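I have placed the structure first, in the form of structure tokens, so that the comments after it can refer back to it.
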Amino acid sequence: MKHLLHNHATAPLRLDFPPSWPVGITSVTLGIYSEQGDVLRAPAATTLPAATTTTVARVAGDETLTLAAVTVTAGSILRVSGQGARAEDVTVDSITGLVVTLSRPLRYDHPTASVVEARHVTATQATTAAAWVVGDRLQLVWQPNTTTPAHTEIVELRSRAFALAGLRSTYQALYPDEYRLIEDRWDTIESQSALRVSMTIAAGGRSVNALKDQRALEPVMLGEIRKAALTGASQWQDRAEPHAKDLAQLWERFLSAPNWYDQNEDDTKASSEVADQVWRPGYRRNW
């Protein structure tokens, strides 16, 4: 689950637009509400990078865009559209001056003066007042200025979040041939694996962000990533079934251990914060 930093004067927030959101969005407001519907932030403006245009025509297969102005950073998604041309979303790999290098080649031709719009907004929020309670789940409502329906997501208020340093290099060392196959897709596979882990933990009424010994989940995370890698590789289907059994055992060992989830982040272990086999979710149904 995504999180919002607790007890922070300028906690950062970001929304990458849903693909269905149209072009021409010029503003987005953000409202934040408790699960009970209490208003924690009345709908207020967010920051949307200014739209720009291309200054050089590009054809399908090109991997760069030359822009009149650059208002985004590497990793941002841009929607490129021009008169008579098909719109497409591209991801910024790097930026040099006004030249943006893309993470993949363009699929369509785009003439000079094609409109280029950023597909994200950012905001900050103070979470220091008493109304912002650590561990609470909040509703974020992002509303564009068009007739497009709002996008709503649930986040958890936490001062720390689930993150495992060095996971990529560890996976590369353990499974070098498999890593080469997913190297370009690593970020997506890792984030989706983290989501699977988070949802499995949440099924037992716990938050992965509250886990004190997050390193204990490293074998499971590596296993979830490997499962995704093997699922997408037909040449390694013979590895997939044995790995599924190994992953189930990794989950069994983790969920059977007395893991401490510091729900209120007071660094004091309460008996109610120690998970055991009683709350294990039915993860076997996923195999």
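Tabulated data for the structure shown
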read-out: Label-to-label distance, nm, for residues given as Gln235 and Gln249 (7 Å Cα→Cβ offset); value: 2.7 nm
read-out: Percent RCO, i.e. relative contact order, over the chain, from Cα pairs under 8 Å lying at least 6 residues apart; value: 18 percent
read-out: Amide N of the stretch 8-24 lying under 17 Å from the label point, which is placed 7 angstrom from the Cα of Thr152 along Cα→Cβ; value: 18
read-out: Sorted by Cβ density within 10 Å, fewest first, the residues Tyr175, Tyr108; value: Tyr108, Tyr175
read-out: Relative exposure of Thr29, Thr122, judged by other C-beta atoms within 10 Å (fewest first); value: Thr122, Thr29
read-out: Selection from Gly166, Thr96, Pro258, by position along the positive dipole direction of the chain (Cβ); value: Pro258
read-out: Separation of the Lys212 and Val141 label points, Cα + 7 Å toward Cβ, nm; value: 3.9 nm
read-out: Extension gain, Thr124 back to Thr101 (0.36 nm per residue minus Cα-Cα distance, nm); value: 5.4 nm
read-out: The chain shape via C-alpha gyration tensor axes, a/c threshold 1.5; value: oblate
read-out: Pair Ser34, Ala57: separation of 7 Å Cα→Cβ label points (nm); value: 6.0 nm
read-out: Relative contact order, percent, the stretch 167-286 [alpha-carbon distance under 8 Å, six or more residues apart]; value: 26 percent
read-out: All lysines inside 26 Å of Lys2 as judged from Cα atoms, apart from same-chain residues fewer than 8 positions distant; value: Lys212, Lys227, Lys269
read-out: Centre separation in Å (Cα based) which lies between the stretch 202-218 and the stretch 112-134; value: 27 Å
read-out: Cα gyration tensor, the stretch 6-90 - rounded (a/c under 1.5), prolate or oblate; value: prolate
read-out: Helical mean residue ellipticity (222 nm; -39500 (n - 2.57) per DSSP H run of 4+; nearest 500) of the chain; value: -7500 deg cm²/dmol
read-out: Sorted peptide list for 69-76, 48-55, criterion being average Cβ within 10 angstrom, highest first; value: 48-55, 69-76
read-out: Relative exposure of Arg226, Arg215, judged by other C-beta atoms within 10 Å (fewest first); value: Arg215, Arg226
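Read-outs throughout are calculated quantities, based only on the coordinates presented, and are distinct from any laboratory measurement. The model shown is predicted, which means the values in this text are computed figures rather than measured ones. Every residue, glycine among them, receives a Cβ derived from its backbone with ideal geometry; neighbour counts consider all protein chains shown.
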